[in-house]
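Chemist: One structure coming up, written as C-alpha cells, with questions to follow.
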Amino acid sequence: MTEQIGKVILDKTLYPGRDLYCDGVVEDELLAIARDHQPEEFDRIIEQRAEWPLLYHLSSKRANIVEWLPVESGAKVLEVGSGCGAITGTLAEMAGSVTCIDLSAKRSAINAYRNRDKENILIHVGNFKDIEKVLPEDYDYIFLIGVFEYGQAYMDSKTPYEDFLSILKKHLKPGGRMVIAIENLWGLKYWAGCREDHLGTYFSGLEGYPADAGVRTFTRRGLEELMQKTGISEYHFYYPYPDYKFMTTLYSDDRLPHVGELSNNIRNFDRERMLLFDEKHVFDNIIKENLFPLYSNSYLVVIGPGVPDIYVRYSNDRSPEYAIKTEIYRTEEGELQVAKSPLGDRAVPHLEQLCKVCRSLEQVFTDGKTQVNACVRSGNRLTFHYVEGKTLEEHLDEAMEHRDTEAFAGFIRRYVDVVRRNETAEWKDRDLIFSNIIVEQDVWNIIDYEWSSGTGCEVERMVTRALYCYTLGSHRRKLFVEEHAEELAALGYSVALLPQIIQQEVAFQARVAGDGISMTSLREKIGMRVINPQTMDQRPGVLPRVQIYTNTGSGFSEEQSYFLPQDSISSVIDVKVQWPKGTVQLRFDPCMEPVLGYIREISVEEDGKSTVLQAFRPNPKGRYRAGRMGYYTNADAVGGDFYSFDTSDPNIVIQYKTNRDAILHVRMELLKLPELMAEQRG
C-alpha cells in the first residue's frame, strides 16, 4: 500500500498498523507546521515558539552534519531512522535518490510534507528488520544520524549492534560509505554536568547505563571494537562540535582543535544541566595532552573510503547575506587548501567583497614580514593556501602563562605596526584580531580578513578591540590584561574606549545575525537553566520544615501527615521518627524550597537491628516497584548521594516491609538553590 504527499511516496506495505513510539501532542504540532508552512519559514517559527522539540526536528542547522560530504548528484542514498526529515531534504538536494526507513507513520508524514516538492524521496514506513529484506544492495551512502544507539530496539538480539552493522553493510555497494553520527559515551559535557541525552539523567552513561536502559552510546574504542567484530577495517573518525545535533565545526584526526577554539559549550536546549567546571579550560588541557578524541562530545564515523575534507566550519548562525562554509581539504596531490563557499545566493556578494579586501591588503603588506593569505576565486568559491603554525593568540597565551610580560608586550608592539599599515589600506581588515594571525617563524600571516571597513580602524581602537576579544576567551586572560593595563596603555590599549568598543561589538553582532537570533540567545529563550554549584548560597539558610506522610495502603494525604518541630535555620537534618505498624510507605519532605540535598543515611531500626536503605532506579516507564525496600525521590540524581530538588515540594518516598513498629532515621544536608541560576560565562 502506498500513499503520496506532494511528490514524496510513502510505502506502507510493511507498516504494522500503529506507531510504536510517539512524543505525544507535539508531533501533531510538527505535522501542522510541516503541512501549512514552507521549510523557509521554520526557523522563524522556532524563534517565535522557543520550544526544544521544534528546534530539534525542524531547524535547518541540523543538516550541517551531512551537507559537507561529497555526495554525488547521481548517488543512491539510504537513510535509516529518518524521523521528521531533519536531514532528508538536504540529502535529496545532493543525491539522485533517497530511500528512508522509519517506524512512525506520523513522523514520516511530517518528513513528506516538508519535502513535498522533491520527487526523489521514497519513505518506507515500518520495522527496519522487515523492510531491509526488500532493499537492494547497491547504495552509495547509508546514513544513521542519531540512530545507531537504538540498535537494541532495531535488532532485538543478543548482539544487536554487531548485527545492525552487519545487515547494513550488505546493502552498501563496493566503495560506498556508511555514515554514523552518535554521542560519545565519555563526552566532556557529561563529566561537566549535562544529563545523558537519551535517559535525561546525570552520569548514567558514564556509570555504564542501567541494564534496562534500552539505549546506549559508545566511546571511540567501543565503536572500533564493534567495527572490527563485523569485519569493517576502513573507517574514519570525525568530531562534530559542540555536538552532532547542531554542529558548527567538524574536526578530524588530521585537524584536531587548537587550544582556545572550544568555547561554545553551554548547549542545553532540551533540559537543565549542572555546570561543575569550565569546559573551555578543561578542553584546553585535554588538547594539550592530545586526548581530545577520547572526550569529544560526539562522533561522526565514515565507514568506507576517506573524504577530502579534514575540517569544516559552518557560519550559518547568521543572516543569509553572511552565511558561509569554510573547509580545509586535501587535494589529489596531497596538499592542504582552504575554501570558503556561500550557503545560498545571498552570501555571494559577501565573498566578492572579501576578494577586494585581499587585493587592498596585499598592496600595503609588501615587505615579506607580514603576508596576506591570498584568495583565488573560482565561480562562487574562494580558495586559500593552508598556513600552518601557532596563532598570535597562542603565543600570547604562552607568554601570559610564563608571566613573561616583556614577551607579551613585544608581540603587541609588532601587532601595532601591522595595524598601522592596515590603516592605510583602501579596504581595511576590521577583524584583525590575534586569532586571525598565524606566526610562522618570523613571518606573520593574516589568514582571515572576512570583515572589512573603510574607516574606524585606528591603532588605539584596533588594539583595544583585539585585547577585548582576547579577554573573552578566559577569565585568566581578563585578569592578566587588567593587571597590565597601564603598560598596555603605552602600546595603544585604552580602558576609556572599552564601553564604546563593547557597544559597537553588540551592534556588529546584531547586524551579522540580521532578523534571526543566535543559538545562544535561543537557548536562553527556551529557558533551560544552568545550575552552577559554585554560585549556590552555601551559607546556612534553609529552614528544614520536615513534614512526614504515612501511607497505610490508600496513598498519601494531608490528613495523614504531620510536621516535626523546627524553629531554627540549619543546613543539617538528623532525625528519627516512628514507622507505625501497617505503614506501606513513608514520605519525608525535608523543606519547602528548592535545594541540593546530600543524603548521608536513610535507615530503619527494628528490634535493635538497623537496615540501611538504598535508592531505587525506575523501570523504563519511570515507575518503581511496590513492596521493595528502599527509597526514591522527586529530584534529579546529580551524582553519588547528591540530589537536585528543583521544586518547592522536595520529597523522599521510603518503602520498608515490616509487621512491627520501627524507627526511621534520616540524615541529610541541604544547600539552597538560588532563584537565578548561573548562565553562560564569557
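The values are calculated or read from the model by the stated rules, or taken from the named source; none is laboratory data. Since we're looking at a predicted model, the values are computed, not measured. Quick reminder, even Gly has a Cβ in these numbers, built from the backbone with ideal geometry, and neighbours come from all protein chains shown. When the accessible area is computed, the model is the full protein with side chains, heavy atoms only, and any ligands, DNA or RNA have been set aside. Shrake-Rupley method; radii C 1.70, N 1.55, O 1.52, S 1.80 Å.
Chemist: Go from 0 up to the bin containing the longest alpha carbon distance in segment 451-512, width 5 Å each, and give me the % of pairs per bin.
Modeler: 4, 17, 27, 27, 15, 8, 2
Chemist: Got a number for carbon plus sulfur as a percent of segment 324-448's accessible area, 1.4 Å probe?
Modeler: Carbon plus sulfur share of accessible area: 45 percent.
Chemist: Need one value: the accessible area of Asp254 in square angstrom, 1.4 angstrom probe, rounded to the nearest 10.
Modeler: Approximately 100 Å² for this residue.
Chemist: Dividing the alpha-carbon Rg of segment 354-409 by 2.2 N^0.38 Å yields what?
Modeler: Cα Rg divided by the expected 2.2 N^0.38 Å: 1.55.
Chemist: Let me ask something else. Counting every Cα pair in the chain, what percent are over 40 Å apart?
Modeler: 42 percent
Chemist: Moving on. Take the Cα coordinates of segment 121-173, assign each an equal point scatterer, and use the Debye formula without solvent to give log10 I(q)/I(0) at q = 0.14, 0.17 Å⁻¹.
Modeler: Per q value, in the given order, log10 I(q)/I(0) is -0.36, -0.54.
Chemist: Still on this structure: For segment 101-232, what is the convex hull (Cα atoms) projected area averaged across all directions, in square nanometres?
Modeler: For segment 101-232, averaging the hull's shadow over all directions gives 9.5 nm².
Chemist: While we're on this one: May I ask which residue of Val418, Leu596, Ile438 lies farthest towards the positive end of the charge dipole of the chain, with charges of +1 (Lys, Arg) and -1 (Asp, Glu) on Cβ and the Cα centre as origin?
Modeler: Of Val418, Leu596, Ile438, it is Leu596.
Chemist: How big is the charge dipole of the chain about its Cα centre, in debye rounded to the nearest 20, if each Lys and Arg gets +1 on its Cβ and each Asp and Glu gets -1 on its Cβ?
Modeler: So the dipole magnitude of the chain works out to roughly 1260 debye.
Chemist: Share of antiparallel DSSP beta bridges in the chain, in percent to the nearest 5? Spell out each step's value before the answer.
Modeler: Details: 97 of 126 bridges.
Rounded to the nearest five, the antiparallel share is 75 percent.
Chemist: So what is the calculated 222 nm ellipticity per residue for the chain, using -39500 (n - 2.57) for each DSSP H run with n of 4 or more, over all residues, to the nearest 500 deg cm²/dmol?
Modeler: -8000 deg cm²/dmol
Chemist: Debye sum, Cα scatterers, segment 159-260, no solvent: what log₁₀ I/I(0) at q = 0.16, 0.19, 0.22, 0.23 1/Å?
Modeler: -0.85, -1.13, -1.33, -1.37
Chemist: Same structure, new question: If the viscosity is 1.306 mPa s and the temperature 10 °C, what Stokes-Einstein diffusion coefficient in µm²/s follows for segment 209-348 when Rh is the Kirkwood radius over Cα pairs?
Modeler: Estimated diffusion coefficient is 92 µm²/s.
Chemist: A follow-up question, please. Return the distance in nm (one decimal) between the two label points of a simple spin-label model at Ser157 and Asp254, each offset 7 Å from Cα along Cα→Cβ.
Modeler: So the two model labels end up 3.4 nm from each other.
Chemist: Quick check: Cα centre of segment 314-383 to Cα centre of segment 146-178, how many Å?
Modeler: 40 Å
Chemist: Can you give me the % of accessible surface on segment 64-153 that is carbon or sulfur? Probe 1.4 Å, all protein chains present, nothing else counted.
Modeler: The value for segment 64-153 is 42 percent carbon and sulfur by accessible area.
Chemist: Additional query: Report the paramagnetic label zone for Ser378: residues of segment 309-346 whose backbone N is under 14 Å from a point 7 Å from Cα along the Cα-to-Cβ axis.
Modeler: Under 14 Å, as judged by backbone N against the label point of Ser378, lie 309, 327-341 of segment 309-346.
Chemist: I would also like to ask the following. If we sort 88-100, 496-508 on the protection proxy, mean other Cβ atoms within 10 Å, highest first, what's the order? Don't skip to the end; give the middle numbers.
Modeler: Numbers: 88-100: 22.1, 496-508: 12.7.
Output ranking for 88-100, 496-508: 88-100, 496-508.
Chemist: Accessible area per residue, 1.4 Å probe, Å², for the chain: what's the number?
Modeler: On the way: 30880 Å² over 682 residues.
Here the residues of the chain average 45 Å² of exposed surface.
Chemist: Given N residues in segment 28-142, what is Rg(Cα) / (2.2 N^0.38 Å)? Don't skip to the end; give the middle numbers.
Modeler: On the way: Rg = 14.0 Å, N = 115, 2.2 N^0.38 = 13.4 Å.
Relative to the 2.2 N^0.38 Å estimate, segment 28-142 comes out at 1.05.
Chemist: Per residue, how big is the convex hull of segment 279-342 when only Cα atoms are used? Give it in Å³.
Modeler: Looking at segment 279-342, the number lands at 146 Å³ per residue.
Chemist: Quick one: go through segment 59-103 and flag any residue whose amide nitrogen is under 18 Å from the point 7 Å out along the Cα-to-Cβ line of Ser518.
Modeler: Answer for this model: 61.
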